[in-house]
1. Take the residues in the stretch 43-61 that are touching a strand residue (DSSP E or B) at 6+ places or on another chain (Cβ under 9 Å) and in contact (Cβ under 8 Å) with a residue 12 or more places away in the chain; name whichever of them is nearest to P331 (Cα to Cα).
2. Find the residue count for the stretch 91-141, including only residues that are closer than 13 Å to L76 by Cβ and not aliphatic (A, V, I, L, M).
3. Only one of these is within 14 Å of R114 (Cβ to Cβ), out of contact with any Gly (no Cβ under 8 Å at 6 or more places or on another chain) and in contact (Cβ under 8 Å) with a residue 12 or more places away in the chain: L183, L152. Name it.
4. Among the residues of the stretch 133-155, are any of a type outside the set (S, T, Y), more than 23 Å from I4 (Cβ to Cβ) and out of contact with any Lys or Arg (no Cβ under 9 Å at 6 or more places or on another chain)?
5. Would you pick out the residues in the stretch 172-200 that are under 18 Å from Q242 (Cβ atoms), touching a strand residue (DSSP E or B) at 6+ places or on another chain (Cβ under 9 Å) and either in the same structural domain as A121 (by TED's automatic domain parsing) or hydrophobic (A, V, I, L, M, F, W, C) (or both)?
6. Just to be sure, is S83 under 29 Å from Y332 (Cβ atoms), of a type in the set (S, T, Y) and at pLDDT 95 or above?
7. Can you pull out every residue in the stretch 289-323 that is small (G, A, S) and crowded, with 19+ Cβ neighbours inside 10 Å?
8. Mind listing whichever residues of the stretch 58-69 are surrounded by 13 or more Cβ atoms within 10 Å (Cβ to Cβ) and either over 16 Å from R11 (Cβ atoms) or outside the structural domain of D18 (by TED's automatic domain parsing) (or both)?
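The values are calculated or read from the model by the stated rules, or taken from the named source; none is laboratory data. Note that the coordinates shown come from a computational prediction; the quantities given were computed from them, not determined experimentally. Quick reminder, even Gly has a Cβ in these numbers, built from the backbone with ideal geometry, and neighbours come from all protein chains shown.
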Amino acid sequence: MRFIPYAEARRQPNIVVDGAPLPGSLLTLSHWPNNESPAAVRRDTSTATVFAWLDLPGPKITAPYVTNNHFDEDGLFSVFALSEPQQALAARELLIAASFAGDFGVVRRRDAARLCFIIEALTDPGSSILPAAVFAAPDRVVALYQAVLPLLPAIIDDLQQGSPRFGALWAAQDAHLAASEALLADGTVTIEELPDIDLAIVRIPSQLRPQPVRRYLEDEQAAVHPFAVNSATACTRLLRVQGQHYEFEYRYESWLQIVSRRVPLRVRFENLVERLNALEAGPPQWMADEPMTEIVPRLRRRDGSPSALDLDTLIAELRTAFNSAPVAWDPYDWSKPGPA
């Protein structure tokens with residue numbers, strides 16, 4: 001199959017991966033909400049779903065084109081597996097592990113994490129080795145697929161062979177990840193789990209400074225690398241605590257149709273924001289991202305200032321919200337259309 005832009009695929013027979021089906025889609029291989037993937041091949045990531053479909057015996061649906069509506073690691077590997085199946089099958093375990101790292105921040109293999117760091121660096125105009133025209137293209141998603149797909153075999157081969165050719169693209173994040181893993185291992189950073197509400201409390205020393213992280217094709221700052229935290233806990237609700245600075249996050253798993261387990265649903269935080277602002281001494285500062293459309297929506301102080309609330313009070317308010325607030329997003333509810 002050949003990759004075709006999502007807009008063009010609307011008029012062509014296609015297989016859509018890691019996204020929403022189109023009128024012309026003959027097959028969907030995705031973990032997105034409300035998708036139409038065959039039940040027998042559904043897996044936690046779209047890449048794993050594609051490989052499960054390739055494993056099926058007997059004749060399969062054929063289409064000339066494969067498409068996707070966004071660019072990220074899981075989407076890239078899914079497109080690659082259908083457009084270059086022999087090369088992809090040779091690197092199957094690496095690609096599946098990298099899809100878990102890219103989407104969920106769960107590291108099963110170090111080379112898989114490094115593969116994700118390379119892809120993220122390639123999408124950053126400040127660090128990319130891709131031509132400048134890629135970032136000036138009217139449709140950057142299409143331009144990235146067209147530029148990165150031909151590079152992927154060489155990247156995979158270099159990682160498997162231990163070559164340093166792409167090392168400059170993964171070195172900084174890899175060092176941050178290694179340092180974060182060490183902090184967790186020696187107890188400098190701790191994680192306390194509250195299984196009844198699927199909440200992990202990540203306690204970070206106040207003196208630990210944030211470092212650059214690139215994830216989901218966006219730049220952010222994190223004192224502890226998200227891959228280290230997400231690999232250390234299966235909880236999909238995270239509360240980072242650094243002194244009186246608090247930040248809550250829903251992990252991406254809660255936006256998708258995860259098949260290995262049922263993840264607690266995201267709830268709305270409007271009432272919680274009002275409650276926290278009422279409890280604080282000072283002007284309203286708490287804010288929450290939209291839980292239906294954001295990949296990893298967060299609850300935090302708008303200006304990054306410390307809170308006057310103690311941790312026990314915040315946890316109690318979160319617990320109340322989890323148990324009583326309206327559901328914000330249910331990826332398994334087929335009565336609601338998935339986001340476009």
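1. Here is the first cut: in the stretch 43-61, the ones touching a strand residue (DSSP E or B) at 6+ places or on another chain (Cβ under 9 Å) are 46-47, 49-50, 52-53, 60-61.
If we keep only those that are in contact (Cβ under 8 Å) with a residue 12 or more places away in the chain too, we end up with 46-47, 49-50, 52-53, 61.
Working: S46: 15, T47: 19, T49: 17, V50: 20, A52: 21, W53: 22, I61: 26 Å.
Only one residue fits best here, namely S46.
2. 6
3. Numbers: L183 fails: within 14 Å of R114 (Cβ to Cβ).
The match here is L152.
4. Checking the stretch 133-155: not a single residue is of a type outside the set (S, T, Y), more than 23 Å from I4 (Cβ to Cβ) and out of contact with any Lys or Arg (no Cβ under 9 Å at 6 or more places or on another chain).
5. Of everything in the stretch 172-200, those that are under 18 Å from Q242 (Cβ atoms), touching a strand residue (DSSP E or B) at 6+ places or on another chain (Cβ under 9 Å) and either in the same structural domain as A121 (by TED's automatic domain parsing) or hydrophobic (A, V, I, L, M, F, W, C) (or both) turn out to be A179, L184, V189, I191, L199, A200.
6. On the way: under 29 Å from Y332 (Cβ atoms): no; of a type in the set (S, T, Y): yes; at pLDDT 95 or above: yes.
In short, no.
7. First pass over the stretch 289-323, keeping only residues small (G, A, S): 304-305, 307-308, 316, 321.
Once the filter is applied, which keeps residues that are small (G, A, S) and crowded, with 19+ Cβ neighbours inside 10 Å, the stretch 289-323 yields S307, A321.
8. Keep residues of the stretch 58-69 that are surrounded by 13 or more Cβ atoms within 10 Å (Cβ to Cβ), which gives 63, 65-69.
The one that is surrounded by 13 or more Cβ atoms within 10 Å (Cβ to Cβ) and either over 16 Å from R11 (Cβ atoms) or outside the structural domain of D18 (by TED's automatic domain parsing) (or both): N68.
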